[in-house]
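Note sheet for the following structure.
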Amino acid sequence: MNRFELPHTLRRSSKEVQEAFATAHETAVKRYGEGEEAQRAAYGELKQHYELESDHWIPKQG
């Protein structure tokens, strides 16, 4: 997944966040196939370690 395929909030986020999402998305696609279910699974994984702050994702504190 290249940077321009990412949703806008992820494009505005750090490279670390982008890579975390891309990895989670690849894993989800292998499990569920392309589509909304894989997208939801990737976001679910991302939300375990990051949170959305206005227009970009940041690491969770604590």
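Values computed for the structure shown
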| read-out | value |
| --- | --- |
| Pairs, first within 23 Å of VAL29 (Cα to Cα) in segment 41-62, second β-branched (Val, Ile, Thr) and part of a strand (DSSP E or B), C-beta under 7 Å, six or more apart | TYR50/ILE58; GLU51/ILE58 |
| Top-ranked residue of segment 2-39 - restricted to ones that are among the aliphatic types (A, V, I, L, M) and without any contact (Cβ under 8 Å) to a residue 40 or more places away in the chain, ranked as nearest to GLU51 (Cα to Cα) | ALA20 |
| Scan of segment 27-50 for residues that are within 10 Å of the chain's Cα centre (by Cα) and over 22 Å from GLY62 (Cβ atoms), ordered by number | GLN39, ARG40, ALA41, ALA42 |
| Single match in HIS56, HIS49 (criterion: closer than 18 Å to GLU5 by Cα, at pLDDT 95 or above and not aliphatic (A, V, I, L, M)) | HIS56 |
| Helices (runs of 4 or more DSSP H) wholly inside the chain that include at least 2 residues being among the hydrophobic types (A, V, I, L, M, F, W, C) and surrounded by 14 or more Cβ atoms within 10 Å (Cβ to Cβ) | 15-32, 36-47 |
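The values are calculated or read from the model by the stated rules, or taken from the named source; none is laboratory data. As the structure is a computational prediction, the values presented were derived from the model and not from experiment. All Cβ positions, glycine included, derive from the backbone under ideal geometry; neighbour counts span all protein chains shown.
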